[in-house]
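Undergrad: Below is a structure I'd like to ask you about.
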Amino acid sequence: MFAETIKKLERQYEIKRNQADAVFAAEKRATYEKIPELGEIDKAIAKLGIQSAKLSLYASTPEEKEKEIQKLQKEIIELKNKKQEILKKSKINLVPKYSCLKCNDTGYVIKHGMSEMCSCMRQELLNEAYNKSNMNNLKSETFESLDLNLFSNKKNPNRYKSELSPRENMEIIVEIAKKFITNFDKPEQKNLLFTGTTGIGKTYVSSCIANEIIKSGNTVLYQTAPVLLDSVFTYKYNNQNKNLYESLFNVNLLIIDDLGTENLTAAKFSEIFTILNSRLLTNKTKTIISTNFSLEDLSKVYDERILSRIIGHFSICRFFRRRYKIKH
Ligand SMILES: [Zn+2]
């Protein structure tokens, strides 16, 4: 399945690249028509280039050759700078507008002399194969579109079991989430555990984080705990889903949603623990777990030793029930 998706993506990338090239060619033509001096500079640079090539064939002495070539190179650089100045003055940025500057929309980069898939394509692959079906609005949610006014600013310690109002609590969670994004690559940055009842923004905040992490060139895999566990078992017993299984260990950010909402057996929980444990040992990966259970509930269901090991590596964000201000 991955091979087919890769082929499909490669075709999409080719179209995307050709479009960017075509737009660039048209922009260049229009700019050169408007500022004919640019074309003249290009011609002069080409001429100097030819002169320089001739020199290396016909110069009488190596010293003379070296001196002349250096002179020509200096002239070429000056002309190039002049061109840049003209463009800058006219506020024109004449470069192809590729959506990924790492691979120029080819989907591949050269690393240590080898061609390897760019993180943008790896992410597209994960989205195509898994995220799309799990995270509908993966691309649209941002912190800017989160309206904190929707959260009540009334404190209610009895109801929320906290001295904070829902809005204050949400502001703190957003801060923690933003810090997580900024420090994503740092080993000391903890993972995140989101607890609280359904429909109160856990998935929303997860999506905001996912979008930012993808933008910074990292890969994100979003799975609900039941689907994740099913995939692990089909890999172990039927040898299917190998790509997904490997991604669970090496994707930069793994988001496990809905942990604990289904009947988790000890065997299933130990699978999750294996994944988390392996990820905790790798500095380059982080995990977000989202659960409807409170920590108290979790400690009733899961082995306390395992739980405390996990919790030590996670910052805990407790989401309150959301109350709409306008309704009071
Ligand atoms: Zn790329």
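Undergrad: Would you please name the residue that is surrounded by the fewest Cβ atoms within 10 Å (Cβ to Cβ), looking only at residues in the range 286-309 that are assigned to a helix (DSSP H, G or I), touching a residue at least 24 places away in the same chain (Cβ under 8 Å) and hydrophobic (A, V, I, L, M, F, W, C)?
TA: The qualifying residue surrounded by the fewest Cβ atoms within 10 Å (Cβ to Cβ) is VAL301.
Undergrad: Oh, and also: With outside any loop (DSSP other than H, G, I, E, B), modelled with pLDDT of 85 or more, crowded, with 16+ Cβ neighbours inside 10 Å and on the phi < 0 side of the Ramachandran plot as the only criterion, which of LEU55, LEU126 stands out?
TA: Among LEU55, LEU126, only LEU126 is outside any loop (DSSP other than H, G, I, E, B), modelled with pLDDT of 85 or more, crowded, with 16+ Cβ neighbours inside 10 Å and on the phi < 0 side of the Ramachandran plot.
Undergrad: Considering every residue within the range 155-178, establish whether at least one is within 16 Å of the ligand (Cβ to nearest atom) and closer than 30 Å to LEU193 by Cα.
TA: No: the range 155-178 contains no residue that is within 16 Å of the ligand (Cβ to nearest atom) and closer than 30 Å to LEU193 by Cα.
Undergrad: Turning to a different aspect of this structure: Being part of a helix (DSSP H, G or I), modelled with pLDDT of 85 or more and either of a type in the set (A, V, I, L, M, F, W, C) or not assigned by TED's automatic domain parsing to the domain that holds LEU9 (or both) is true for just one of ARG167, ARG159. Which residue is that?
TA: On inspection, the qualifying residue turns out to be ARG167.
Undergrad: Going by what's in this entry, would CYS120 be described as within 16 Å of the ligand (Cβ to nearest atom) and not in a loop (DSSP other than H, G, I, E, B)?
TA: When the stated conditions are applied, CYS120 passes them.
Undergrad: Do any helices (runs of 4 or more DSSP H) lying entirely in the range 185-282 carry at least 1 residues that are more than 21 Å from LEU125 (Cβ to Cβ) and at pLDDT 85 or above, and which ones are they?
TA: 202-215, 225-238, 266-280
Undergrad: Is it the case that some residue within the range 83-97 is surrounded by 16 or more Cβ atoms within 10 Å (Cβ to Cβ), free of Cβ contacts under 8 Å to residues at least 60 places away in the same chain and within 16 Å of the ligand (Cβ to nearest atom)?
TA: No - not one qualifying residue is present in the range 83-97.
Undergrad: Being touching a residue at least 24 places away in the same chain (Cβ under 8 Å) and hydroxyl-bearing (Ser, Thr, Tyr) is true for just one of THR5, THR61. Which residue is that?
TA: On inspection, the qualifying residue turns out to be THR5.
Undergrad: Also, I was wondering about something else. Of the conditions (1) assigned to a loop (DSSP other than H, G, I, E, B); (2) touching a Ser or Thr at 6+ places or on another chain (Cβ under 7 Å), TYR98 satisfies every one except a single condition; which number is it?
TA: Evaluating TYR98 over (1) assigned to a loop (DSSP other than H, G, I, E, B); (2) touching a Ser or Thr at 6+ places or on another chain (Cβ under 7 Å) leaves (2) as the failure.
The values are calculated or read from the model by the stated rules, or taken from the named source; none is laboratory data. None of the values given here were measured: they were computed from a predicted structure. So basically every Cβ, Gly included, is an ideal-geometry build from the backbone, and we count neighbours across all protein chains shown.
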